[in-house]
Amino acid sequence: MNAHSYSSAAVESPVDRHDAATVCEQLRQLVGGEYVWSGEDPRAEPCLRDWHGDHVATALAVVMPANTEQVQSVVCYCAQQAIAVVPQGGNTGLVLGALPLGADARVIVLGLGRMNAIRDMDHDNYAITVEAGCILQTVQDAAAAQGFLFPVSLGAEGSCQIGGNISTNAGGVNVLRYGMMREQVLGLEVVLPDGSVLHNLKGLRKDNRGVDVNQLFIGAEGALGIVTAASLRLSPLPQNVVTALLALDSVHDAVQLYLQARKRCGDLMTAFELMPKNVLTLAQEALPDTTAPMSLTHSTYVLVEFSGAELVDVAGILESFLERVMEDGLLQDAVIAHTQAQAATLWRYREAVNEAQALRGLHLRSDVSVSISRMAEFVEEVHQQLQQAFPSSLVVGYGHIGDGNVHVNVLPPADYTTEQRMALIEAGGNIITECVMGFNGSFSAEHGVGRLKKSTFEHYADAAQKMLMHKLKQCVDPKNIMNPGCLLS
Ligand SMILES: Cc1cc2nc3c(=O)[nH]c(=O)nc-3n(C[C@H](O)[C@H](O)[C@H](O)COP(=O)(O)OP(=O)(O)OC[C@H]3O[C@@H](n4cnc5c(N)ncnc54)[C@H](O)[C@@H]3O)c2cc1C
């Protein structure tokens, strides 16, 4: 079982240059000359490699339509010409869903970046309607400027797009209170593989007229259609936000602290991020000029954020909660951020974890979930198995443990060759997958299936789930032009 590895070299098909030139020319007539780049154009290069730079794809063209009508005409053209379409947002996805790797040579990348307008903000309805190419951070900022919160927040928020967030059902650090992207979607506009358009941007909170078809496209990774716009739920912007870094003696204690916080502080907790000592030390590699927020003398750290409305004494509640758990012996030490700058520094550590790992070169990454009640046991078990298999590598486990979601990654020693790294990725991926399935968990908590985890999905997914998904794909996209090779085809 080849888990979580993808070899692009073995499956790429060469692009026919004559064909590519003809296709580019015809696409230019649909969206304008400036916005169609051949696969060899340097402007296409960032769209044809993944975020880590580990994989490079080929395509006939990268196309950037300006509006829904242009998306429609490109999709119709591709359907007629039997050209596959890979939708691409910010290309920050971590499972190779937005790259035409291993697809037929007749494929284009359809980038949504030009469709970045905020179409409407309905204050009384607590809703915003945006085009799919809006950067997540732009939506957060636009909401905040009007006193609202768009709660989806993740490390790639400065680059990832709303359409990509919807298509991967993105999670991030605020899922604890606000849920994943699915919970924010009130309605969608989608160009279907036959060129028809689903118009559903009414922003209704209740609409029980049959099956909620919006749901088909959330987490579908571009395999059923192209999301062109979305109506999204907004929340009140919290006026009081308090961030703290907490030191504990074990992952078990961290889970206990989380359970205590839920019980005693209710919905005030918005984030609860596990960062063991080795992860904080690793993060420092990407932050050479930053001083650690506290001396790292304990094994386990947790970054927590509590937030509430103007009249809620969030800081007071957090402080008295921390006093109690310290008296109980659960909490060992704490640093509370008193300014926004201090809070930003604490969050910077969390964000730097990804950057620090990228600096270490090719490594094994995972994104798994188990029930919260089994989280501590799982982390201990998988660490033990990985450390035993790869004694000279660094094994890290961090992430959104309040959601039962942890990233268990293995960083090989610096002198490992690419071949050794690939072998570790394959063997270690199998260990993690077997272990998480043994705990009745998921091998993809947030990032999706894409191309990277497709064989794992085919191997482990429930037979009835696969049957339903494949039938849906055949029904909606009988010509299989939407993102072939990714998730469903
Ligand atoms: C540093 C870093 C931190 C991250 N942290 C998190 C995290 O905490 N939680 C999390 O969930 N993810 C996280 N991710 C993963 C990634 O950011 C998310 O998956 C994000 O939602 C992808 O958005 P994107 O616009 O970059 O999509 P892309 O990578 O461009 O595409 C992702 C998938 O969606 C499809 N797609 C894109 N746009 C559309 C569209 N308009 N219509 C139809 N299909 C489309 C693509 O074909 C592809 O299958 C992180 C990534 C990085 C690099």
Revision key, fill the gap. Sole miss for I431 among (1) in contact with a strand residue (DSSP E or B) (Cβ under 6 Å, 6 or more places away or on another chain); (2) closer than 19 Å to N278 by Cβ is condition (1)
Exercise for review: Scan segment 301-350 for residues that are within 17 Å of A283 (Cβ to Cβ) and in a loop (DSSP other than H, G, I, E, B) and jot them down.
Suggested key: A337
Review point. Which pairs do you get when a residue that is closer than 17 Å to T129 by Cβ, found in segment 140-154, comes within reach of a residue that is of a type in the set (D, E) and surrounded by 19 or more Cβ atoms within 10 Å (Cβ to Cβ), reach meaning Cβ atoms under 9 angstrom, with the pair 6+ apart or on two chains?
Key: Q140/E157
Practice item. Count, please, the residues in segment 131-164 that happen to be within 14 Å of the ligand (Cβ to nearest atom), assigned to a loop (DSSP other than H, G, I, E, B) and over 20 Å from V353 (Cα atoms). Key: 5
Check your understanding: Looking only at segment 240-272, which residues are of a type in the set (D, E, K, R) and buried (at least 22 other Cβ atoms within 10 Å of the Cβ)?
Key -> D253
Point to revise | Single unsatisfied condition, A461 versus (1) touching a Leu at 6+ places or on another chain (Cβ under 7 Å); (2) of a type outside the set (F, W, Y); (3) under 30 Å from S196 (Cβ atoms) | key: (1)
Revision key, fill the gap. Expected single match for among the polar types (S, T, N, Q) and under 30 Å from the mean Cα position of the chain (by Cα) among T339, T297 is T339
Revision key, fill the gap. Of the listed residues (E458, E434, E377), the one being acidic (D, E) and either on the phi > 0 side of the Ramachandran plot or touching a residue at least 12 places away in the same chain (Cβ under 8 Å) (or both) is E377
Revision key, fill the gap. Among helices (runs of 4 or more DSSP H) entirely inside segment 399-489, those with 3 or more residues being within 21 Å of the chain's Cα centre (by Cα) and surrounded by 22 or more Cβ atoms within 10 Å (Cβ to Cβ) are 418-438
Review point. How many residues does segment 380-398 contain that are part of a helix (DSSP H, G or I) and either surrounded by fewer than 17 Cβ atoms within 10 Å (Cβ to Cβ) or in contact (Cβ under 8 Å) with a residue 40 or more places away in the chain (or both)?
Key: 9
Review point. Inside segment 45-128, counting only strands (runs of 3 or more DSSP E) that do not spill past its ends, which hold 2 or more residues that are surrounded by fewer than 24 Cβ atoms within 10 Å (Cβ to Cβ) and without any contact (Cβ under 8 Å) to a residue 40 or more places away in the chain?
Key: 118-122
**Study point:** Scope segment 279-318; condition among the acidic types (D, E) and loosely packed, with under 15 Cβ neighbours inside 10 Å; matching residues
**Key:** E285, D289, E310, D313
Review point. Would you pick out the residues in segment 165-205 that are in contact (Cβ under 8 Å) with a residue 40 or more places away in the chain, surrounded by 21 or more Cβ atoms within 10 Å (Cβ to Cβ) and among the β-branched types (V, I, T)?
Key: I166, T168, V173, V175, V185, V191
Review point. Which residue out of L364, L424, L386 is in contact with a Gly (Cβ under 7 Å, 6 or more places away or on another chain) and within 22 Å of G448 (Cα to Cα)?
Key: L364
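All of the numbers you see were taken from the coordinates with simple rules; none came from a lab. Keep in mind that what you see is a predicted model, and the values were worked out from it rather than measured. Heads up, the Cβs are rebuilt from the backbone with ideal geometry, glycines too, and the neighbour counts pull from every protein chain shown.
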